[in-house]
Amino acid sequence: MRENNTRVAVDIGGTFTDLVAVTDGALSLEKASTTPDNFANGVIATLEKSSVPQSAIDQFVHGTTVVINAVTERNGERCALITTEGFRDVLDITRANRPDMFNFRYEKPEPFVPRRDRFEVGERVDQAGTVLESLSESAVKAAVEEIRDRGIDTIAVSYLHAYANPEHELRTREIIAEQFPEAYVTLSHELTGEYREYERTNTAVLNSYVRPIADEYLTTLESHLDVNGVEGNRYVMKSNAGTSSFEQARQSPIEMVESGPVGGVFGAARVGTNIGEPNVISFDMGGTTAKTSLIEDGNVDIGTEYWLESSRQHEGYPLQIPVVDIVEIGAGGGSIAWIDQGGSINVGPESAGADPGPACYGQGGTEPTVTDVNLLTGRLNPEYFLGGEMALDVDQAEAALEPVADEFGTSVRETAHGILRVVNSNMANALKQVSLQRGYDPRQFAMVASGGAGGLHAAALGRDLGVKEVIIPRAPGQFSAWGMLLTDLRRDYVRTWVRPFEREAAPAVNERFAELADRAVAEFGEEDIPPADVSLELSVDLRYTGQEHTVQTPVPVGNDGTDSTVSAASGETLLTADAIGATIDRFHDRHEQAYTFSLEDPVELVNVRLAATAEAAKPTIEPVSRDGTVAGATKASRAVDFDREGTHETTVYERDSIPIDEPVSGPAIIEEPACTTLVHPGQGFRLDEYANVRITEETQ
Amino acid sequence: MSHQTNRPEESLDPFTREVITNALQSAAEESFINLGRTAKSSVIYETLDYATGIVDIDGNVVAQANGVPGFLGTLKFCVADTVEKFGRDGFEPGDVVMLNDYHGGTHLNDVAMVAPVFLEGDGRDEPVMFLASKAHWTDIGGKDPGSWTTDATSIFQEGIQYPMVKLYDGGVENEAVADIVAANTRMPEMTLGDMQAQKASLDVGVERVQDIAREYGWDTLETAVDAWLEYGHDLVRDAVEALPNGTYHAQDYLDDDGITDEPIHVECEVTITDETVTLDYTGTDPETEGPVNSPYAASISDVRSFFQAITLPSAPTNEGFFEPLEVIIPEGTVLNATKPAPIGTDWESSAMAAELPWKALAPHLPDKLSAGHFTSVCATIVGGTDERTGDDFLVIEPQPGGWGACADRDGADVLVCAGDGDTLEMPVEIMETRFPLLFGQFALDTPQEAGHGRFRAGTGLVQDYTMYNESGGFITASFGRSEYPPWSVDGGQKGDGNYIELLRNDGSVERASKLTNEPLADGETARLVTSSGGGWGDPLERDPKRVLEDYRDEYITPEIARDVYGVVITNSDEIDDAATESLRAEKRNESEASEHETK
């Protein structure tokens, strides 16, 4: 690992494109407006604005919205699908569910490949991988011919049970390569080794759909980096909280779908492990949404049941790729408060966004937002928003709340309290969804809060949930980009393989893991990463025989069956019979934790999973030393309304002047350019040696 | 909606009420998700044929999480009848009452559990709230595997009845009851697993409601619940006022009762005023010998989902929401059957409780309602002994089909029926992994032969289930709306009807719509075909460009384009405008002429 060099991460957000750079342990921040017409422009602008010379960049990590945007805007590439005879309609059939169940005019999602561009070929494999009907090569050739004639050059191939035997998909790629070498080809089994034909086919189709756009984007960025002498490694952030090379990202661009938000979750995990708090709830509140995820023992929770554009009204589109499990709700600084038909108060999901923004921005917004309420209660400083770049207008905020207050026959102040209670309750429910509802006790977790609005609400939410402490890391406004700097290269592999999970199965299961490990070694090898640098983490999806849903359970690895990871070069048996017994015990515990009971029934294996990581060079988190006194960090004081806890004259501190490890009692306001942190009465805080703000309840 | 407990007079601020009711809804949903993740019957974990709710001691549903709309009206009866049996002071913390008979309100497979919520040290001798859930168990005995059949003539052939018995008494399992459960199922491991999962999910819900009560106090919680029920009514008031006042009428037929071939007449008169919606089913045929009868509560559930569909489909509901709804269903009819009439396929008739007012109002509420859909749950049970493991298998599934066209767009292809909801069709790859079956096709039913119109209906689904098992297996199925197909609106075409074809090894093909325990030998195929919906408007008014698109996507052939839509498609796959215009004129004249003749 090289030391003393420059790493840069750039994260594209909804409003701003953020840059975080670390040079010899020193942090520098930059932002530029996001440029939806061509996202690369915003990225290039931050690089050019930054005080770090581009030629000095040793490592560049990038989180991009280009993939999710291509899907949302429906401006991807026309693509074709080749599939098993009798099954071209899986994209129309979907799962046939009606989530909006009382809507008697439900509209299904439109497939990303029209029916006319889906081609069926004779072939059939059963669930055990046995070929029942061999591939009709003439049918494949005819399909490729027709696809080419139609001017389509992006092809997804998805055959039934291809995860169990990929022979026919591989042969199809060979035929396409002979006949139509320029075509982009995606094989379903290479993106996911899991069963469920609609999910896997849709994943292959969406990967094809975004591929040309992602390719072009990465090429633009790459040539900019080349021209500007950036010679170091270039990585792209994937949805599994790991990175990949640009080259691999070109093959499976759909893995970048949640490229941005996962940086924040990963960052929260690292903040936690760095200070010895491996159990963390991450909470990121921005302008439009709040996102939360639970981190147990330093590990982010990654699942493969991800749905794009799904809501209570719409089923959305499934993606069977590894994505960090994030719960996202429409609660942010710009969220609008409104009264529904029954006379009840609601906050969000509609947001005033950045334009016109909350009423207090004075840019023409007239509806009451969470930011307006924070201003009216004295929590935000009208003179120091975005470090003073924008003055906030208290009168406009008040005017926006008046109609709501009139409707309820109450005061503006009471209404402000009400809006805060509702938005906090919505967020508390999301936080409970990732913790309590999955059997985790929040009292054993620390909350790491980030995002422009995170610090204003975190202390109240943390108190409500009963977490051990609330941590506001450095650079909370650019936290996602900061988290990206700390990531490693990561690839996830999975294979569905349903059978009884028992000691006797060890050699056979081990063989499956070995196959996945070989793939990992080979694919990292293509990027010149030797097996010795690749570490493997194993898990299995288990259930009681007869159940459908599974519980992901980590497998102790290595010859003594106790480690959690093993080097790909160690040559050790990945899975021993003893490890199977230990894994089953863990499964019973996890089932009991999540669902309050366990059974004595036999246990069944559904998927084997392997996560392979190769450590990237990354900055260590360095302690911060700072002179000064608490009094010296005091800027002012103002009256802050803490709702039920009363209004208090509250001291305001400038974050960067607060000395390390000096306890301060609340109530308090901590200001920094991109974020304001509220510490409630009865709470106290201190800055730890890494300059994280640590808020705890003060014992009486 | 009056509660007999003493309530503080003080009013509650609207914000706290909102926070409390959100928390109650979350509690119901958490309990719901918990059961779905742990159940052993696919009919629970994929079909989501279950519901969980929080109900107060007077039977008012406060919050409910549904997998299917079919339980929307039943939990209230489960709690109200349980309270009536045991008395308001007849409960202890840790009790769980189990029921599935006529009091449960749907067929016997749907087993309900009711658990009281107490707060430690509270001093009250009666619970304020109950958690209740109802879930379809795969097998509860009876004359045939899967328990429901298409040819039972008495409820006693359809499984064991649990008449509101305490499965848990003060937190202690009643082993005698558990033993009776285990002894009366063909799938004890699956059934006991479901029972355990359902009980555990109630525990979670009880705990969450206790948390809320502890935080806000029972009195505040009760005040919030009262305000919430009132809110439900407020919410729907304007929506009811916006409905078109008047009296409307519809009638229809069920194909048969599974025993005789006689169609069963059903009808409904809808009367809408500014404040109320009244549905009167007087004139509907008496209960039948076969199991297509619906208990009152099952019919009410379908009526309620229809009422929600025409008012505020996405709104959260509670008892107050349904206050404007008045329903008259004479006792002893197929929509309000009485014990011991069999009720195994109750969805066939209860679906009609929604279907009739839907048919009456669709032309008047085009922004809320589509034309008729394939209607029947089209449920199947496939079972046998899996030669790969030697274990018995049994899979119960609803089959999705075509929905009706709308006034402004085409209908949805292949979607579960109105009686099902967030019900997931099982993937073919999972079906083939779990059960010894092989699917020959899983496709839209095209070229589409029915449901054409200015806007076209959605297509049905064709699935070939081939037995891939040396010892074969069997199939039970109830496909209603086979003889009386989905209805259309404003000159559209009707749908084509649901049916099954059995493709025998000797090459013969048998057509059916109801099957009980029909053997399928290794290699034989049950082809399940669901209906398209009904069309909306005259096909001759369909935009020719849409017709061309349908042809290009292989929904229709050039012959259908010509014969049904009067659109001429050339050999180069374009529209021949002139030929189309004259063909359409010709067809219009023809139909006018035939109208004259019939007059």
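The values are calculated or read from the model by the stated rules, or taken from the named source; none is laboratory data. Predicted, not measured: the structure shown is a model, and the values here were computed from it. Heads up, the Cβs are rebuilt from the backbone with ideal geometry, glycines too, and the neighbour counts pull from every protein chain shown.
Any idea which of B:A182, B:A197, B:A213, B:A239 is surrounded by fewer than 22 Cβ atoms within 10 Å (Cβ to Cβ) and either at pLDDT below 90 or under 25 Å from the mean Cα position of the chain (by Cα) (or both)?
On the way: B:A182 fails: either at pLDDT below 90 or under 25 Å from the mean Cα position of the chain (by Cα) (or both); B:A197 fails: surrounded by fewer than 22 Cβ atoms within 10 Å (Cβ to Cβ); B:A213 fails: either at pLDDT below 90 or under 25 Å from the mean Cα position of the chain (by Cα) (or both).
Result: B:A239 is the single residue among B:A182, B:A197, B:A213, B:A239 that is surrounded by fewer than 22 Cβ atoms within 10 Å (Cβ to Cβ) and either at pLDDT below 90 or under 25 Å from the mean Cα position of the chain (by Cα) (or both).
Taking the stretch A:187-200 as the range and being within 8 Å of chain B (Cβ to nearest Cβ) and part of a loop (DSSP other than H, G, I, E, B) as the test, the residues that pass are A:Y195, A:R196.
The strands (runs of 3 or more DSSP E) falling completely within the stretch B:322-431 that include 2 or more residues that are in the same structural domain as B:L444 (by TED's automatic domain parsing) and in contact (Cβ under 8 Å) with a residue 60 or more places away in the chain map to B:379-385, B:392-397.
Restricting to the stretch A:373-420, name every residue that is of a type in the set (G, A, S) and in a helix (DSSP H, G or I).
Listed by number, the residues that qualify are A:G387, A:G388, A:A397, A:A399, A:A400, A:A405, A:A416, A:G418.
Given the condition more than 11 Å from every other protein chain (Cβ to nearest Cβ) and either among the aromatic types (F, W, Y) or on the phi > 0 side of the Ramachandran plot (or both), answer yes or no: does some residue in the stretch A:415-437 qualify? There is no residue in the stretch A:415-437 that is more than 11 Å from every other protein chain (Cβ to nearest Cβ) and either among the aromatic types (F, W, Y) or on the phi > 0 side of the Ramachandran plot (or both).
Considering the stretch B:371-392, the residues that are out of contact with any helix residue (DSSP H, G or I) (no Cβ under 7 Å at 6 or more places or on another chain) and closer than 21 Å to B:Y50 by Cα include one that is nearest to the other protein chains (Cβ to nearest Cβ), namely B:C378. Taken together, A:D11, A:D37, A:D18 contain a single residue that is acidic (D, E), assigned to a loop (DSSP other than H, G, I, E, B), within 25 Å of the chain's Cα centre (by Cα) and away from every other protein chain (no Cβ under 14 Å), which is A:D37. If you go through the stretch B:478-516 and keep only what is closer than 25 Å to B:D392 by Cβ, in contact with an Asp or Glu (Cβ under 8 Å, 6 or more places away or on another chain) and at pLDDT 95 or above, you end up with B:S478, B:L502, B:L503, B:R504, B:N505, B:A512, B:K514.
Name the residue that is surrounded by the fewest Cβ atoms within 10 Å (Cβ to Cβ), counting only residues in the stretch A:616-635 that are farther than 23 Å from A:S665 by Cα and in contact with a Ser or Thr (Cβ under 8 Å, 6 or more places away or on another chain). Filtering first and then ranking leaves A:K618. Against the condition assigned by TED's automatic domain parsing to the domain that holds B:F374 and either crowded, with 23+ Cβ neighbours inside 10 Å or free of Cβ contacts under 8 Å to residues at least 12 places away in the same chain (or both), how does B:G492 come out, does it pass? Spelling it out, B:G492 is indeed assigned by TED's automatic domain parsing to the domain that holds B:F374 and either crowded, with 23+ Cβ neighbours inside 10 Å or free of Cβ contacts under 8 Å to residues at least 12 places away in the same chain (or both). Does B:G419 meet the test of being more than 9 Å from chain A (Cβ to nearest Cβ), more than 24 Å from the chain's Cα centre (by Cα), among the small types (G, A, S) and surrounded by 24 or more Cβ atoms within 10 Å (Cβ to Cβ)? For B:G419, the condition - more than 9 Å from chain A (Cβ to nearest Cβ), more than 24 Å from the chain's Cα centre (by Cα), among the small types (G, A, S) and surrounded by 24 or more Cβ atoms within 10 Å (Cβ to Cβ) - is not met. When we screen B:S582, B:S508, B:S532 for residues that are under 35 Å from the mean Cα position of the chain (by Cα) and surrounded by 12 or more Cβ atoms within 10 Å (Cβ to Cβ), the only hit is B:S532.
Checking B:L35, B:L24 one by one, the residue that is within 14 Å of chain A (Cβ to nearest Cβ), out of contact with any Gly (no Cβ under 7 Å at 6 or more places or on another chain), within 11 Å of B:S133 (Cβ to Cβ) and not in a strand (DSSP E or B) is B:L35 and no other. Considering the stretch B:38-58, and only residues there that are within 9 Å of chain A (Cβ to nearest Cβ) and among the polar types (S, T, N, Q), the residue that is nearest to B:T423 (Cα to Cα) turns out to be B:S42.
If you go through the stretch B:1-58 and keep only what is modelled with pLDDT of 80 or more, over 14 Å from B:V209 (Cβ atoms) and among the acidic types (D, E), you end up with B:E18, B:D49, B:D58. When residues in the stretch A:496-534 are screened for being within 29 Å of the chain's Cα centre (by Cα) and part of a helix (DSSP H, G or I), 17 of them pass.
Filter the stretch A:421-448 down to residues that are in contact with a Leu (Cβ under 8 Å, 6 or more places away or on another chain), of a type in the set (A, V, I, L, M, F, W, C) and either outside the structural domain of A:F283 (by TED's automatic domain parsing) or outside any loop (DSSP other than H, G, I, E, B) (or both), then give me how many there are. If you could, list the steps in order and put the result at the bottom.
Let us first name the residues in the stretch A:421-448 that are in contact with a Leu (Cβ under 8 Å, 6 or more places away or on another chain), namely A:424, A:427-428, A:431-432, A:434-435, A:438, A:440, A:442, A:445, A:447.
Remaining after also requiring of a type in the set (A, V, I, L, M, F, W, C): A:427-428, A:431, A:434, A:445, A:447.
Subset that is either outside the structural domain of A:F283 (by TED's automatic domain parsing) or outside any loop (DSSP other than H, G, I, E, B) (or both): A:427-428, A:431, A:434, A:447.
Within the stretch A:421-448, residues that are in contact with a Leu (Cβ under 8 Å, 6 or more places away or on another chain), of a type in the set (A, V, I, L, M, F, W, C) and either outside the structural domain of A:F283 (by TED's automatic domain parsing) or outside any loop (DSSP other than H, G, I, E, B) (or both) number 5.
Taking the conditions exactly as written (touching a strand residue (DSSP E or B) at 6+ places or on another chain (Cβ under 7 Å), under 20 Å from A:S244 (Cβ atoms) and of a type in the set (D, E, K, R)), does A:E537 satisfy them or not?
Considered against the rule, which asks whether it is touching a strand residue (DSSP E or B) at 6+ places or on another chain (Cβ under 7 Å), under 20 Å from A:S244 (Cβ atoms) and of a type in the set (D, E, K, R), A:E537 comes out as yes.
For the stretch A:25-59, the set of residues classified as more than 18 Å from A:V230 (Cβ to Cβ) and surrounded by fewer than 15 Cβ atoms within 10 Å (Cβ to Cβ) consists of A:G25, A:A26, A:S33, A:P36, A:D37, A:N38, listed by residue number. Residue count for the stretch B:503-529 satisfying the condition of being within 22 Å of B:D151 (Cβ to Cβ) and assigned to a loop (DSSP other than H, G, I, E, B): 4.
Among the residues of the stretch B:436-467, the ones that are crowded, with 24+ Cβ neighbours inside 10 Å, at the interface with another protein chain (Cβ under 10 Å from one of its Cβ atoms) and among the aromatic types (F, W, Y) come to 1 in all.
I'd like the residue in the stretch B:393-403 that is touching a strand residue (DSSP E or B) at 6+ places or on another chain (Cβ under 7 Å) and farther than 19 Å from B:T516 by Cβ and, out of all such residues, is farthest from the other protein chains (Cβ to nearest Cβ).
Filtering the stretch B:393-403 down to residues touching a strand residue (DSSP E or B) at 6+ places or on another chain (Cβ under 7 Å) leaves B:393-401, B:403.
Next, from what is left, pick out any that are farther than 19 Å from B:T516 by Cβ: B:400-401, B:403.
Values: B:P400: 4, B:G401: 9, B:W403: 7 Å.
Only one residue tops the list, namely B:G401.
Within the stretch A:472-485, the presence of a residue that is within 14 Å of another protein chain (Cβ to nearest Cβ) and either assigned to a loop (DSSP other than H, G, I, E, B) or surrounded by fewer than 24 Cβ atoms within 10 Å (Cβ to Cβ) (or both) is excluded. Looking only at the stretch A:220-252, which residues are over 21 Å from A:T72 (Cα atoms) and in contact with a Lys or Arg (Cβ under 9 Å, 6 or more places away or on another chain)? Those that are over 21 Å from A:T72 (Cα atoms) and in contact with a Lys or Arg (Cβ under 9 Å, 6 or more places away or on another chain): A:L221, A:E222, A:L225, A:G232, A:A241, A:G242, A:T243, A:S244, A:S245, A:F246, A:Q248. For the stretch B:457-483, taking the residues that are of a type in the set (F, W, Y) and touching a Lys or Arg at 6+ places or on another chain (Cβ under 9 Å), the one that is nearest to B:G523 (Cα to Cα) is identified as B:Y465. Being assigned by TED's automatic domain parsing to the domain that holds B:N109 and of a type in the set (A, V, I, L, M): is that true of B:V177 here? Judged against the criteria, B:V177 is a match.
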